[in-house]
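Taking it in order: structure first as structure tokens, then the write-up.
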Amino acid sequence: MILEKYSFGIGDRFGRQGKAQLQAIINSKKLGVDITPVWNKSHREHTIIGTAPASVRKEADEAVRALKWKGPYRVDADHIGLANVDLFIDSSDFFTLDVADFTGQTANETDIQTFVSRYKRYTGPLTIPGIDEKFTITTKQIETIAKKFLLAIKEAGKIYRHIEEAKGTNNFITEVSMDETDPPQTPIEMLFILAATADEGIPAQTIAPKFTGRFNKGVDYVGDITQFEKEFNQDLAVIAFAVKEFGLPKNLKLSIHSGSDKFSIYKPINKALNKFDAGLHIKTAGTTWLEEIVGLATAGGSGLAIAKQIYRQALARFDELCGPYETVIDIDKEKLPGPEIVDRWGPAEYADVLRHNQACDKYNANFRQLIHVAYKIAAEMNEDYLNALEKHEKVIAEQVTENIYQRHIKPIFID
Ligand SMILES: [Zn+2]
């Protein structure tokens with residue numbers, strides 16, 4: 001099973017926006033840009049909301065049927081490990097092997113020394129086509145990288161083989177992810193991570209490194225864009241090089257776990273993809289939950305009332321909701337409006353504060369991040385929340401489609 005050149009990770013917390021998201025992919029196709037939709041949901045998300053992996057497959061199948069989508073589509077078991085992969089075997093055909101927790105843990109000395117001697121040939125000056133910088137690789141450096149990453153890739157190998165045994169070779173797509181680590185991986189680290197991946201026999205089609213800068217949930221990139229651009233370009237060059245050197249799948253490409261809405265790096269990404277004629281997978285599922293709330297607020301009446309209720313409760317349960325996301329949000333509590341102020345807002349005002357339009361002076365990134373982590377409250381509202389989604393389906397769907405298409409797909413893949 002081959003993943004196409006461009007693919008886009010969609011999926012939404014409550015599984016109600018499948019059609020609205022797919023519509024954005026259809027809009028792109030009308031412009032001649034083929035993008036494969038990939039519905040993704042992590043074990044963490046399923047646990048917080050109380051859903052099962054089969055519900056994602058159902059959402060995807062139903063959306064595809066309803067909109068008569070004839071192109072390929074996938075269902076991604078996002079951020080899984082050996083402990084939970086079995087829950088996803090039947091419903092998924094894309095597996096994101098998360099081995100971030102194993103980075104920094106050291107493999108045994110024999111494995112490390114075997115790896116070092118195997119890749120001794122890269123010591124000395126190294127040029128990688130597409131990168132101006134000349135690298136000098138030392139034995140010590142390979143050893144340090146092996147100590148940091150070899151065990152993690154060996155773990156990825158175990159998960160891969162476990163899935164392969166259940167589903168059969170070539171029946172699924174494999175991603176290796178280590179984006180939830182600190183610090184970011186350098187392009188040279190990436191080169192040897194890919195070497196280890198090939199050694200493990202993992203036919204990775206996407207790899208998700210941790211990039212430089214902050215990828216806070218639901219808001220724009222915070223960091224040095226020039227540095228990001230440089231590393232992103234180098235990563236693309238390293239991947240092209242590694243595919244040839246180590247015999248990895250020809251369509252191997254980067255996967256960006258964006259944490260949603262990293263608008264300021266979309267232009268450099270678009271430029272680099274064109275320059276290298278490279279593919280890309282980008283995950284930005286969280287953005288759709290926020291559009292649901294924008295949609296509910298815009299609908300007014302009972303929709304707006306629910307949006308206000310979610311904010312009021314989120315504020316009261318700030319620490320509990322933000323805890324699991326501590327490392328990927330930066331909320332200045334001083335800049336959050338009191339619930340009595342929000343209660344006086346009309347539909348447009350609530351939507352303007354929440355919607356990710358940085359040109360609007362009402363937009364509040366602190367408010368947006370808090371709502372981003374507040375989906376647990378909507379999950380607890382249960383039928384009340386789901387009925388509101390149904391009642392205001394049309395206005396929500398407009399927001400969801402427009403957001404994915406205009407603010408994400410267009411700048412990354414089309415402009
Ligand atoms: Zn991720």
All but one of (1) open to solvent by less than 10 Å² (accessible area, probe 1.4 Å); (2) farther than 19 Å from K230 by Cβ hold for I207; which doesn't?
(2)
When Q21 is run through (1) surrounded by fewer than 24 Cβ atoms within 10 Å (Cβ to Cβ); (2) assigned to a helix (DSSP H, G or I), the failure sits at (1)
Counted residues in segment 130-189 being in a strand (DSSP E or B) and either open to solvent by 60 Å² or more (accessible area, probe 1.4 Å) or under 19 Å from T96 (Cα atoms) (or both) come to 6
Quick check: anything in segment 109-121 hydrophobic (A, V, I, L, M, F, W, C) and without any contact (Cβ under 8 Å) to a residue 60 or more places away in the chain?
yes
If you scan segment 1-18, which residues turn out to be open to solvent by 10 Å² or more (accessible area, probe 1.4 Å), under 17 Å from P72 (Cα atoms) and not hydroxyl-bearing (S, T, Y)?
M1, I2, E4, K5
For the structure I just gave you, tell me whether I112 is among the aliphatic types (A, V, I, L, M), buried (at least 22 other Cβ atoms within 10 Å of the Cβ), assigned to a helix (DSSP H, G or I) and more than 16 Å from the ligand (Cβ to nearest atom).
no
Are any residues in segment 213-234 part of a loop (DSSP other than H, G, I, E, B) and either among the charged types (D, E, K, R) or buried (at least 18 other Cβ atoms within 10 Å of the Cβ) (or both), and if so, which ones?
G213, F215, N216, K217, G218, V219, D220, Y221, D224
Filter segment 86-107 down to the residues that are within 16 Å of the ligand (Cβ to nearest atom) and touching a His at 6+ places or on another chain (Cβ under 9 Å), then identify the one that is most open to solvent (accessible area, probe 1.4 Å).
D98
Give me a count of the residues in segment 15-32 that are in contact (Cβ under 8 Å) with a residue 12 or more places away in the chain and farther than 16 Å from T401 by Cα.
0
Taking segment 171-221 and keeping only residues that are of a type in the set (S, T, N, Q) and away from the ligand (no atom under 12 Å from the Cβ), one is left with N171, T174, Q185, T186, T197, Q205, T212, N216
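The values are calculated or read from the model by the stated rules, or taken from the named source; none is laboratory data. If you're wondering where the values come from, they're calculated on a predicted model, not measured in any experiment. We place every Cβ from the backbone using ideal geometry, glycine too, and count neighbours over all the protein chains shown. For the accessible areas, the whole protein counts, side chains as well, though only heavy atoms, and no ligand, DNA or RNA atoms are used. Shrake-Rupley method; radii C 1.70, N 1.55, O 1.52, S 1.80 Å.
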